[in-house]
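Visitor: Got a structure for you, questions after.
The values are calculated or read from the model by the stated rules, or taken from the named source; none is laboratory data. Since we're looking at a predicted model, the values are computed, not measured. Cβ sites come from the backbone with ideal geometry, for glycine too, and all protein chains shown count toward neighbours. Surface accessibility is based on the protein's heavy atoms, side chains included, excluding ligands, DNA and RNA. Shrake-Rupley method; radii C 1.70, N 1.55, O 1.52, S 1.80 Å.
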Amino acid sequence: MNAGKQEIQIKRVSSKKRSRVSLQTHLTPARKKRGGGTCLQQCPRNRKLSSIMAQIQPAEYCSSSEDLFGDYDSLLEGSSFLAKLDDAEQSERQRDVQTSPHIVAVDQQDFRTLGLAEEAVWTWSGEDNLTDSILNGLGDEPFEDMPSSQVQFQEQVDEHVKRSRLQDGGKTSTPSRDTEGTAEAGTDRNMDDKTKRRSKARRSVTDKLKRTMLGNAAAPSNLSRTVVLKEAVVSEEMSVAMQAMETVSAETPDLGPFYGLPSKVKDLMHKLRGIQKLYDWQETCLNLDCVQQRKNLIYSLPTSGGKTLVAEILVLRELLCRKKDCLFILPYISLVQEKVRGLASFGLELDFTVEEYAGSKGKFPPVRRRNTSSLYIATIEKAHSLVNSLIESGRLENLGLLVVDELHMLGDGSRGAVIEMTLAKVLYMSRNTQIIGMSATLGNIRDLQTFLKAENYTNDFRPVELKEYVKLNDTIYEVDPKEEDCFKFSRLLNFKYSSAMQKIDPDHIIALVTEVIPTHSCLVFCPTKKNCENVAGMICKYLKEDFLRHKEAEKAVLLRELRDSGNGSLCPVFRRTVPYGLAYHHSGLTTEERKLVEEAYSNGVLCLLTCTSTLAAGINLPARRVILRSPYVATDFLKRSQYKQMVGRAGRAGIDTVGESVLILQDKDRNMAQTLVCAPMENCYSNLLHDEGKGVLSLILSLIGLNITTSSEQLRDFLKGTLLFVQQTQLCVGRSLWEVVTQCVDLLKEKELITVTSDSQGQTLQVTKLGRATYKGSVDLTYSDLLYRDLCRGLEGLLLNSYLHLVYLVTPYDMISQVKPDWMIYFRQSVTMAVVSRMYLALVLFSLLKETNLWSVADRFQLSRGFIQTLLSSSSAFCSCVLHFTEELEELWPFKALLTELTRRLSYCVKAELIPLMEVAGVMESRAKQLYTAGYKTLTHLANADPALLSRTVENLYRKQADQIVASAKMLVNEKAAALQEEVDELLMTPLDLPQL
């Protein structure tokens, strides 16, 4: 080793044997395989291997008087390796004595005098290398009678010497050392010293190897007289130590063979995900130099290429190896909850915490955990608030990795602006946080690379081949960019239509779907929600009765679950379509209905879904064939990125060998469609200036509030690290970016959100109390002053005889435009329309809190149940924002206690006894009722439940779902316990500012 002196303690903790072959698998990165490259970074000095060994559980101690080896002792009777080493050492010493009279004989330590109690610790330093002569004395003959563990050790030593020879130009592997004598001491003395040191070097490895072997033999074990122990003298830990000394780096600790992770992670991937081998591109990506060196990375692949798994492995590396926290940003609440459920089991097995930051969930700042790392899984908005709180509490440096899924959403309006703000703050404030972005292919990926200071990895891999088609009239054309008009004739539709069918189905959707269902699955994307329901009903009219008999029992169960989720109410469209294996999927469904439909489709109970474009972006539901009913979303022509997302759902890995997409066109859309299917991907642009610069205003306000910047010059310096700065020539037309900054500062001052003071040092920017409340509550700047006035006015006559007044105050302003009140409810009261609309929504929420039956409330107010579900979700999130807003303003102190409970009620909107069960990710109201009825009434009940018993007790609960529920409950209990322990520790801690004499 050239990394300096190291002291590595090897502690025998396991007696289990593993063959040399098992140390390397097809999953082992190339740089870790024998002869496969070198370590990217030098090993850290004085690094103990105790942390590396911590993943192996120690064996139970047995009696020290027990005969560990039975009739065989590989140390004293079968140690052919030691005998050869001793013989070679003796021969070398005799030769040295004959050739140099100055060599002083070195006392040989009697092997038999070594006690078994000697500590099994050996130290490998730069001075303790084998000389070539001793190795030559061993010869090249095979050690046929040696145990495999000793053969492995010998091979590793040989490998080490070969590397040393190469480094020293073929000279002796013993490194040069500083002489202790002076030039005046003479040549004889120098020769004498060198000889002693050579003898010491020869003796070093032999003696230390003996001590280690003896210590390992003396280590207690829970196994006695077994064949396994015969070859366990030189334990597996020594092999790991040899490898670790060359591969462990302070920046990227390597704890095992599964891409730097313990084998346990590989086993969990197989057990929980069914993943045995990674795709070639995934292996390549994980072994990129920039990944190993923890540089920022953007990687782009088609939909369903397996991007997320790479991110998860990198997250686990950060959590387990570097013991740092991670933030995983996903675009939708449903995706956050799905990821929390999926990773909770990993957290329990590998001892890290999974925390959900979505809707009203999430603690700011997060609980500080001393002994475990945290994985925060957050929506875009919650991630921004989380980063703000970490900066404010001085804990951003502990965030080791930030992963952004769907990075191309940087170009998606106000949400894109929030992503950009989050990333810009992390880039500016933390040099140790690695950023990984997953994205669809973009036309201007270099802009994003410049912004994130990242490298790019792109691959066109798809696990299943995708064939794209378009349909014009009754002809199918294959999409082929090589053709002049992008379309190549494929076939004619072969389906007999009656005149009546032709009128009802002029686009031949029935012909296209019946070619694949019910044997295979199919998705039909429709331009509107109403069209989804109509198309599903139309297809059912012309399906044969055979469809009714396909999985008839499972479909009956699904209908019963849908009815239970609606408290006895069932959508009439579902009542008609589900028996045929069809359903629709759009935002008009409740969360629970969507979940039931998705699970039924994934399990093959449903073979066809008619859906809107949101399904392509939010959920991974692949199909054999994807049909695009029209090249429009509502009245807008499809974007290239939307089209690729939809058709990307075609092809089910492990099930189909090919996936197909069919875009249905009218003659008038043919030319635009050619551009759609063959044009390059759109560019992604910054949205900080979107909607009259709301993004820049919010960014500047939070920068001043967090004391990241306190002057206009510092603001300009910060903005140099944004995507807006990279693209300023395209986006800041007619004015410079600095003029934008000046205008924003003036506007914030005018809204009384910041103040500007002047002194000899220049102008200083400070946030006002209202400004602090605005950015900490993540309140839209458009509404912050209006919200403040409404809350202050509310204090003058706050009615607490019911929740109605409070509900009105936390009804989102941005949903007012989405409702048209029934004037009869107000008896034509003369008030402003905004107040009327907001009050109407408040009445909807109030009714929902009283009876919790979403269906009846939807019917009473003539609104879709999906809209009411969205209203409820938005209101709970906004209520959480208002709560944080009021916490920063002393005059609004009464709201803190009132809104805390209201936030909880709005988040779940169920009877009080079901709320603890609803906290578990994936548990909806109907499932909570089932669990409560079965006797699982608290979070602790669920955390201690047996998943097998739970799945048998609760109707229609699959074992996998039961496992996820129990794992999520355990994670929540651990999280709550850790938070309480944190409070206890803080109470018992001696104050740092305690007065001293």
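Table: residues versus (1) loosely packed, with under 13 Cβ neighbours inside 10 Å; (2) within 24 Å of Ile868 (Cβ to Cβ).
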{"residue": "Val740", "(1), (2)": "no, no"}
{"residue": "Thr755", "(1), (2)": "no, no"}
{"residue": "Ser760", "(1), (2)": "yes, no"}
{"residue": "Cys792", "(1), (2)": "yes, no"}
{"residue": "Glu796", "(1), (2)": "yes, no"}
{"residue": "His805", "(1), (2)": "no, yes"}
{"residue": "Tyr813", "(1), (2)": "no, yes"}
{"residue": "Ile816", "(1), (2)": "no, yes"}
{"residue": "Met839", "(1), (2)": "no, yes"}
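Visitor: Tell me, yes or no, whether segment 340-363 has at least one residue that is under 29 Å from Phe885 (Cα atoms) and part of a helix (DSSP H, G or I).
Guide: Checking segment 340-363: at least one residue is under 29 Å from Phe885 (Cα atoms) and part of a helix (DSSP H, G or I).
Visitor: Also, I was wondering about something else. I need the full set of residues from segment 496-524 which are assigned to a helix (DSSP H, G or I), open to solvent by 50 Å² or more (accessible area, probe 1.4 Å) and touching a residue at least 12 places away in the same chain (Cβ under 8 Å), in order please.
Guide: Ile504
Visitor: Here is a list: Leu770, Leu747. Which entry is closer than 30 Å to Phe878 by Cα, surrounded by 14 or more Cβ atoms within 10 Å (Cβ to Cβ) and touching a residue at least 60 places away in the same chain (Cβ under 8 Å)?
Guide: Leu770
Visitor: Which condition does Ala897 not pass, out of (1) out of contact with any helix residue (DSSP H, G or I) (no Cβ under 7 Å at 6 or more places or on another chain); (2) more than 28 Å from Lys976 (Cα to Cα); (3) at pLDDT below 90; (4) hydrophobic (A, V, I, L, M, F, W, C), if it passes all the others?
Guide: That leaves (2) as the condition not met.
Visitor: Kindly state which helices (runs of 4 or more DSSP H) lie completely within segment 893-997 and contain at least 1 residues that are open to solvent by 40 Å² or more (accessible area, probe 1.4 Å) and of a type in the set (A, V, I, L, M, F, W, C).
Guide: Per the criteria, 894-908, 947-953, 959-988.
One line per residue, one yes/no per condition, for (1) closer than 30 Å to Leu748 by Cβ; (2) of a type in the set (S, T, N, Q):
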site: Tyr788; (1), (2): yes, no
site: Glu796; (1), (2): yes, no
site: Leu806; (1), (2): yes, no
site: Met815; (1), (2): yes, no
site: Met839; (1), (2): no, no
site: Phe846; (1), (2): no, no
site: Thr870; (1), (2): no, yes
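Visitor: Which condition number in (1) in contact with a His (Cβ under 8 Å, 6 or more places away or on another chain); (2) at pLDDT 90 or above is the one that Gln276 fails?
Guide: (2)
Visitor: Looking at (1) open to solvent by 20 Å² or more (accessible area, probe 1.4 Å); (2) among the aromatic types (Phe, Trp, Tyr); (3) in contact with a helix residue (DSSP H, G or I) (Cβ under 8 Å, 6 or more places away or on another chain), find the lone condition where Phe451 falls short.
Guide: With respect to (1) open to solvent by 20 Å² or more (accessible area, probe 1.4 Å); (2) among the aromatic types (Phe, Trp, Tyr); (3) in contact with a helix residue (DSSP H, G or I) (Cβ under 8 Å, 6 or more places away or on another chain), Phe451 is out only on (1).
Visitor: Tell me which of these Arg549 doesn't satisfy, since it passes every other one: (1) surrounded by fewer than 19 Cβ atoms within 10 Å (Cβ to Cβ); (2) closer than 22 Å to Tyr958 by Cβ.
Guide: (2)
Visitor: Still on this model: Given the condition open to solvent by 50 Å² or more (accessible area, probe 1.4 Å) and either part of a loop (DSSP other than H, G, I, E, B) or of a type in the set (Gly, Ala, Ser) (or both), answer yes or no: does some residue in segment 530-537 qualify?
Guide: no
Visitor: Yes or no: Tyr457 open to solvent by 60 Å² or more (accessible area, probe 1.4 Å), in contact (Cβ under 8 Å) with a residue 12 or more places away in the chain and of a type in the set (Phe, Trp, Tyr)?
Guide: No; evaluated as a whole, the condition is false for this residue.
Visitor: I need the full set of residues from segment 361-397 which are farther than 21 Å from Ala311 by Cβ, among the polar types (S, T, N, Q) and crowded, with 21+ Cβ neighbours inside 10 Å, in order please.
Guide: Ser385, Asn388
Visitor: Identify the single condition in (1) surrounded by fewer than 22 Cβ atoms within 10 Å (Cβ to Cβ); (2) within 13 Å of the chain's Cα centre (by Cα); (3) among the acidic types (Asp, Glu); (4) modelled with pLDDT of 90 or more that Glu338 does not satisfy, given that it satisfies every other one.
Guide: Checking Glu338 against (1) surrounded by fewer than 22 Cβ atoms within 10 Å (Cβ to Cβ); (2) within 13 Å of the chain's Cα centre (by Cα); (3) among the acidic types (Asp, Glu); (4) modelled with pLDDT of 90 or more, the one that fails is (4).
Visitor: The conditions are (1) open to solvent by 20 Å² or more (accessible area, probe 1.4 Å); (2) of a type in the set (A, V, I, L, M); (3) outside any helix (DSSP H, G or I), and Leu559 fails exactly one of them. Which is it?
Guide: (3)
Visitor: Given (1) of a type outside the set (A, V, I, L, M, F, W, C); (2) open to solvent by 60 Å² or more (accessible area, probe 1.4 Å); (3) in a loop (DSSP other than H, G, I, E, B); (4) in contact (Cβ under 8 Å) with a residue 12 or more places away in the chain, identify the lone condition not met by Lys544.
Guide: It is condition (4) that Lys544 fails.
Visitor: Tell me yes or no: at least one residue of segment 469-490 is of a type in the set (A, V, I, L, M), in a loop (DSSP other than H, G, I, E, B) and open to solvent by less than 50 Å² (accessible area, probe 1.4 Å). Quick ask: steps written out before the conclusion?
Guide: Within segment 469-490, the subset of a type in the set (A, V, I, L, M) is 470, 472, 476, 479.
Cutting the leftovers down to in a loop (DSSP other than H, G, I, E, B) gives us none.
Scanning segment 469-490 turns up no residue that is of a type in the set (A, V, I, L, M), in a loop (DSSP other than H, G, I, E, B) and open to solvent by less than 50 Å² (accessible area, probe 1.4 Å).
Visitor: Additional query: Do you know which residues across segment 694-739 are of a type in the set (Ser, Thr, Tyr) and either at pLDDT 95 or above or within 19 Å of Val387 (Cβ to Cβ) (or both)?
Guide: Ser698, Ser702, Thr709, Thr722
Visitor: Please pick out the residue among Pro527, Pro463 that is modelled with pLDDT of 90 or more, part of a loop (DSSP other than H, G, I, E, B) and closer than 28 Å to Arg640 by Cβ.
Guide: Sole residue among the options that is modelled with pLDDT of 90 or more, part of a loop (DSSP other than H, G, I, E, B) and closer than 28 Å to Arg640 by Cβ: Pro527.
Visitor: Looking at segment 255-306, what helices (runs of 4 or more DSSP H) fall wholly within it and have at least 2 residues that are open to solvent by less than 30 Å² (accessible area, probe 1.4 Å) and either β-branched (Val, Ile, Thr) or closer than 26 Å to Thr433 by Cα (or both)?
Guide: In segment 255-306, the matching helices (runs of 4 or more DSSP H) lie at 280-286, 289-292.
Visitor: Please go through segment 422-447 and pick out each residue that is open to solvent by less than 10 Å² (accessible area, probe 1.4 Å), touching a Leu at 6+ places or on another chain (Cβ under 7 Å) and of a type in the set (A, V, I, L, M, F, W, C).
Guide: Leu423, Val426, Ile435, Ile436, Met438
Visitor: Hey, does segment 846-864 have a residue that's open to solvent by 10 Å² or more (accessible area, probe 1.4 Å) and within 23 Å of Leu770 (Cβ to Cβ)?
Guide: The answer is no, given that none of the residues of segment 846-864 is open to solvent by 10 Å² or more (accessible area, probe 1.4 Å) and within 23 Å of Leu770 (Cβ to Cβ).
Visitor: Every residue in segment 313-332 that is surrounded by fewer than 21 Cβ atoms within 10 Å (Cβ to Cβ) and out of contact with any helix residue (DSSP H, G or I) (no Cβ under 7 Å at 6 or more places or on another chain), please.
Guide: Correct list: Arg322, Lys323.
Visitor: Taking segment 679-726 only, how many residues are of a type in the set (Ser, Thr, Tyr) and under 17 Å from Val745 (Cα atoms)?
Guide: Adding up the residues that qualify gives 6.
Visitor: Are there any pairs, at least 6 apart or on different chains, whose C-beta atoms fall under 7 Å, with the first in segment 958-977 and within 14 Å of Glu349 (Cα to Cα) and among the hydroxyl-bearing types (Ser, Thr, Tyr) and the second open to solvent by 50 Å² or more (accessible area, probe 1.4 Å) and modelled with pLDDT of 90 or more, and if so, which?
Guide: none
Visitor: For segment 433-453, how many residues meet the condition of being farther than 29 Å from Cys678 by Cβ and either among the charged types (D, E, K, R) or touching a residue at least 60 places away in the same chain (Cβ under 8 Å) (or both)?
Guide: Number of matching residues: 5.
Visitor: Which condition from (1) at pLDDT below 90; (2) open to solvent by less than 40 Å² (accessible area, probe 1.4 Å); (3) hydrophobic (A, V, I, L, M, F, W, C) is the one that Ile825 breaks?
Guide: (2)
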